[in-house]
Amino acid sequence: MWPKRCLVIAPVLVYVMVVTTLGMTTLLPSCGSSTSVATTVPTSTPITLVGARICTQPPSIVPELVGGLCTQLTTAQIPLGVANAQFVAQGTFSSNGVITVQSISDTATWFVNNSLLRSDGGGFFTSGQVAGCTCITAASGTVVSPPVLVGVGRSVLGCTPCPQSPP
């Protein structure tokens, strides 16, 4: 009886010892033999948002595209009483040294520093009937875009510059 138990227990103990010793490995038994081949389990590199910018149009139709990046706005103007004034938030992502960009407009949180504009979500804004200056930013997690100074019903000349976003 003991020799039969050893045929079952010994391979299980060897398996447990090898897995414990090698850490993150998978054992692949060879067909017809008692040996095993250990291979490492591939690890994935996280995709990390490393930057955000605000543009005027979706990247696919932005004429100033260079390498897929839209040009960060510094100022913009919106007439009074406009609904659906659109801005686009573009995120820069890094994964294992590879940089990619894509729109994050729908998932970003949009901020306006006063009541001259109302964020309708997704990068859309509605202006009221009062002229003035405001600043908008887009954020995703801890990544915040540089601010855009917006003249609502007026030029941005004479407006107080926007405070810089946190790094």
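Bear in mind these aren't lab numbers, they're just calculated from the coordinates by the rules spelled out. Worth saying up front: this structure is predicted, and the values here are computed from it rather than measured. Note: ideal-geometry Cβ built from the backbone for every residue, glycine included; neighbour counts use all protein chains shown.
Tabulated values for the structure
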item	result
Derived scalar couplings ³J(HN,Hα) [the range 46-55; Karplus, 6.51 cos²θ - 1.76 cosθ + 1.60; whole Hz; x for Gly, Pro]	x, 8, 10, 6, 10, x, 9, 9, 10, 10
Placed amide H near Asp120: partners under 5 Å, 5+ positions off or other chain	Phe125, Thr126
Net charge contributed by nearby residues that have their C-beta within less than 15 Å of Gly123 (K/R +1, D/E -1)	0
Environment charge at Ser140 (Cβ cut-off 13 Å; Lys +1, Arg +1, Asp -1, Glu -1)	0
Mean Cα-pair separation over length for the range 117-167, i.e. relative contact order, pairs under 8 Å, 6 or more apart, %	31
